[in-house]
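Participant: I'd like to ask some things about the structure below.
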């Protein structure tokens, strides 16, 4: 490895605080960090601490965290042969992420409506025929009601279709498994 690359690694790791560097060293993640990076970490730790602490066993591969319920997969799949054209774990993973996306979309829709509340008020207030403080209060109330209804409509148009898509995927997967037993 060239000395420029080693200097770059050294400069990068030397900027890290002691706790972070120590955690990286002890975690011993060989997937995330190269052998050269560990040599540099050892050199920095030796200089800072006077001794190099022990490491955990090396991590040579990352296990993908399951983002769905294993029991749900077992209920659907059971002891049957796995499907050929798709992977049940991926369908359940996608269902989980659709749920997260539905919630995120609903929150974003609501925040967007709140940020546009002033504009909605300005539009409603522009229809002022009589003026006065009373019309200001009424225009704010109308703007709030319109904004809440708009947020509700946006949430309904985004949240429920995403939730339905996840449910449809699980239903189709279950239908495929149930159809195998038909002779």
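Every read-out reported here was derived from the displayed coordinates using simple, explicitly stated rules and does not represent laboratory data. Since the model is a prediction, treat every value here as computed from it, not as a measurement.
Participant: How much space per residue, in cubic angstrom, does the convex hull of the C-alpha atoms of segment 100-176 take up?
Facilitator: About 70 Å³ per residue, rounded to a whole number.
Participant: Given a cut-off of 15 Å, what percent of all Cα-Cα pairs of segment 3-49 lie beyond it?
Facilitator: Here the tail beyond 15 Å accounts for 35 percent of pairs.
Participant: Please work out the C-alpha center-to-center distance from segment 30-55 to segment 95-125 and express it in whole Å.
Facilitator: Using only Cα atoms to place each centre, the spacing works out to 47 Å.
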